[in-house]
Amino acid sequence: MKILCVAEKPSIAKSVAYTLGGGKVTVRNSSVKYVKNYDFTFEFPGVGRCSVTMTSVLGHLTEMTIDNNRYGWGKCLPINLFDSTIIVKENGNDSKKLVQNIANEARLSNQLMIWTDCDREGEHIGWEILNAASKTNSSLTLENVWRAQFSHLERSHIISAAKNPKQLDRYAIDAVCTRMELDLRAGFSFTRFLTDLFKTNFQEIKEERRLISYGGCQFPTLGFVVDRYMRVKEFVPEEFWYISIEVKKGNRKLPMSWSRPHLFDRLAAMLLYENSLDIAKDEAEIVHIISKPTSNFKPLPLTTVQLQKDCSKFFKLSAKETLDAAEKLYNQGFISYPRTETDRFDPKTDLKNLLSKQAESPQWGGYVQELLDGKMRSPRAGKHDDKAHPPIHPICYTDFTKLKSRNEQLVYQYVTKRFIACCSDDAKGVKSIVTAKWGLETFTASGLMVLEKNYLDIYDYFKWTSTKELPEFTLGEKVKLLKADLVTGKTSPPSYMSESELIALMDINGIGTDATIAEHIEKILAREYASKQSLGESRSKKAYILPTELGCALVEGFNQIGFDNLSLSKPFLRKQLEESLAKITAKQETKNNVLDRFIELYRQAFMLSNQKQAILVKSYRHIQRRNA
DNA sequence: GCAAGGTC
C-alpha cells in the first residue's frame, strides 16, 4: 500500500515525517522552493507496513473570484455581484505547482491522509488537497479520505493521530466556503460602489487614483478608530468633588483617600464634608487595620494577539512588524509557530527541557539555572486552545544580540522572557490597608511591601514596587488631622486609540484572526482611512492611530444611513456572521440558508447605501470644509 | 484596481 500525506505547511510535513519514519526518511525536492516530499514507511492499523510520501501545501490552494469577462469592473452594476457566478481558481503561482505535485504523488497512492491544522480553515485546505489529488486518482472521496487529528507535534500524539484517522468535516468546509463567498460579494460590490462614487464627486480622489475599499473586517476596524476619536473630540469635562484628608502620626504625614466615589453634586459633597467637620473637628479614629499576603500573577502562556499587544506597548512595534519578526524567528527554528490562540501548555510538554536550553544565556542563564535547581513552577493555564498550536515559546537558545534585525532581537527576548516567566513563581508581597473614620466618612490608605519578585526579576517590562511603609497604628487610635479639604477636579477625556487597544478590541469582537489582525490595521493605514501619529509630551510620546477626514466621513456617513442596527462600520455584522458560521459547523444551519440570508442582508444594505449615496458625499464635504 | 483567509 502507498499512502500520501499532505500537511498545511512545510514545517509540519517535516516534523511529522521524521516522527512517523523513525528517522529513516528520504527527501525529494518539489518544484516549489519551500516544499519537500518525504518518503518513509509506517505501519498503519489494518493495512500493515505502507510506503508513505509526506508533502505539504502553503496554506490555501484556491481562492474565489468572479468572471472578469462578464463581471469585471465597469462591465456590470456593482449590485449584480450579489448573484454573479463565482469561480474557484488556484491562488498565485505556487499553487499551480503544488496542485501538480499532489496530483503526481496521488496517482499511484491508495490512500490520502490530510495533516492540516485542526481548525475551520484547515478542514477547507484539506478539501482543496483532496480536490487536487482527485485529479489523478478518482477513487479518493470526501468519505474515504483519512484526516489526522492532532494538536501538537509530540511523538506519541502524532503516532496516535496517524493510527486513528477521522474524516474531513464537510460542515466546517461549508462554513469556510460561506465566509469566502460573502466576503467576496460584499467586498467587491461595495468597493466598486464607493470608489466610483468618490471618484465622480471628488477630483483629488480621481486624480490620485485612490481606492475606497470596503471589507467586512476593514470597516469595523476603522469604526473602532473613528469611534474613539469622536469620543475624545466630543468629550465634555465634568466637575466633581471629593474629600481629601491628611493625618499625622509621629512626625509622618499620611494622606488618606475617601472611600466614596467622586461626587458630581457639589451640594451633596459639601453636606457630607460639613457634617463630618461638625462631628469630628480635626480628629479621626483608626477603625480597621489589615495586613494580608498578596500576589502579582505571572503572565499566561503567550498567544499571537498578546504578543502583538505587548510588543506594541513595550517596544512600539506595529502588529505587522511583530508578526514579521516572529515569522523570521520561527523559520530559523528559534521559536515555535507564531500564530496561535492557545494560552495553555499541553501537560505533556517537556517544559524543563525547553527551559534548560536557555541556561547558557549570559542574560538570563543564571535565573534559569535557579529555576532548574528547584524554583520552577507550572505555567498558568488559560482558557483558550485552538487545538492546532501550542503557546508561543522559544525552541532553542540563540544569542539574540547576533540576530539580524532589532525587531527580531526584541521579539526573541520577549518570547523567551515571557516563557521563563511562565515557568517561574508569582511575585509575592504583603498589602496593608488602614481605615480611618472622620465623622461619618471613612478613608483608607494602603501600602505594599514586595517580598519576592520571582518572575518579575526576569520579566522586567513593568514594575511592581514597594510603597513607603505605613506608620504603625493601633486599632481605635485617635489621630490628628493636618488637613481636611473639599477638593474639586475635572473628569479627563479618554485617550486616542493605541495599536495595542485596537488589537484587543478586534480580538474581543472577532474581527479578523490572529494571523490577519495586523493586515487589517495595515490596510486602513494604506487606504489612508487612518494614520499613525506620535502624541504627547516629548518625554512620554506615544503612538496612536487617528482617523483621517476620509475615514471619519466614511464611518459617519454609514452611521447616518442607518441599517437597522447592523451598521457596516460596527462589529456586530461580522459577529453575527461568525455565529452563523459556527452554526453551520454545528449542523444547526445549512450553508445555503446562511448564504441566502447574508447575501440578502448585504444587498439591502447596498441598495440603501446607493439610494442615500448623497449622505456619504455630503459627509466628506462637510468634514473637509469644517477642517479647511 | 476590489475581500479575507491560509503561508514563505
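The values are calculated or read from the model by the stated rules, or taken from the named source; none is laboratory data. None of these values were measured; they are calculated from a predicted model. Virtual Cβ from ideal backbone geometry, glycine too; neighbours counted across all protein chains shown. What goes into the accessible areas is simple: the full protein's heavy atoms, side chains included, and nothing from ligands, DNA or RNA. Shrake-Rupley method; radii C 1.70, N 1.55, O 1.52, S 1.80 Å.
Data table
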quantity	calculated
Within region A:471-509, tally of residues that are within 16 Å of DNA strand B (Cβ to nearest atom) and touching a Leu at 6+ places or on another chain (Cβ under 9 Å)	0
Only listed residue being of a type outside the set (Val, Ile, Thr) and within 12 Å of DNA strand B (Cβ to nearest atom), chosen from A:Asn69, A:Asn101	A:Asn69
Those helices (runs of 4 or more DSSP H) lying entirely in region A:214-316 with at least 3 residues within 30 Å of A:Met506 (Cβ to Cβ), open to solvent by 60 Å² or more (accessible area, probe 1.4 Å) and at pLDDT 95 or above	A:218-233
Unique match (being hydroxyl-bearing (Ser, Thr, Tyr) and open to solvent by 30 Å² or more (accessible area, probe 1.4 Å)) among A:Ser424, A:Ser446	A:Ser446
Among (1) touching a residue at least 60 places away in the same chain (Cβ under 8 Å); (2) near DNA strand B (Cβ under 8 Å from one of its atoms); (3) of a type in the set (Lys, Arg) - the single one A:Lys2 does not satisfy	(2)
One residue from A:Lys583, A:Lys587, A:Lys618 being at pLDDT 95 or above, on the phi > 0 side of the Ramachandran plot and open to solvent by 50 Å² or more (accessible area, probe 1.4 Å)	A:Lys587
Criterion (closer than 23 Å to A:Val99 by Cβ, touching a Ser or Thr at 6+ places or on another chain (Cβ under 7 Å) and either modelled with pLDDT of 95 or more or more than 9 Å from DNA strand B (Cβ to nearest atom) (or both)) met by exactly one of A:Ile114, A:Ile125, A:Ile158	A:Ile125
Looking only at region A:32-61, and only at residues there that are of a type in the set (Ser, Thr, Tyr) and closer than 23 Å to A:Glu327 by Cα, the one that is farthest from DNA strand B (Cβ to nearest atom)	A:Thr55
Among residues of region A:317-343, those that are open to solvent by 40 Å² or more (accessible area, probe 1.4 Å) and touching an Asp or Glu at 6+ places or on another chain (Cβ under 6 Å), counted	4
Residues that are away from DNA strand B (no atom under 16 Å from the Cβ), over 25 Å from A:Thr322 (Cα atoms) and open to solvent by less than 20 Å² (accessible area, probe 1.4 Å), drawn from region A:513-561	A:Cys552, A:Ala553, A:Gly557, A:Ile561
Residue in region A:330-339 that is in contact with a strand residue (DSSP E or B) (Cβ under 8 Å, 6 or more places away or on another chain), among the aliphatic types (A, V, I, L, M), assigned by TED's automatic domain parsing to the domain that holds A:Phe400 and within 16 Å of DNA strand B (Cβ to nearest atom) present	yes
Criterion: open to solvent by 40 Å² or more (accessible area, probe 1.4 Å), of a type in the set (S, T, N, Q) and part of a helix (DSSP H, G or I) - qualifying residue of A:Thr191, A:Thr200	A:Thr200
Of residues in region A:511-548 being closer than 22 Å to A:Leu307 by Cα and basic (Lys, Arg), the one nearest to the chain's Cα centre (by Cα)	A:Lys523
Failed condition for A:Gln576, given (1) on the phi > 0 side of the Ramachandran plot; (2) within 20 Å of the chain's Cα centre (by Cα); (3) polar (S, T, N, Q)	(1)
Where a residue in region A:162-189 is closer than 19 Å to A:Ala605 by Cα and within 16 Å of DNA strand B (Cβ to nearest atom) and its partner, wherever it lies, is in a helix (DSSP H, G or I) and aromatic (Phe, Trp, Tyr), with Cβ under 7 Å and at least six apart	A:Leu182/A:Phe598; A:Arg185/A:Phe82; A:Arg185/A:Tyr602; A:Ala186/A:Tyr602; A:Ser189/A:Phe82; A:Ser189/A:Phe606
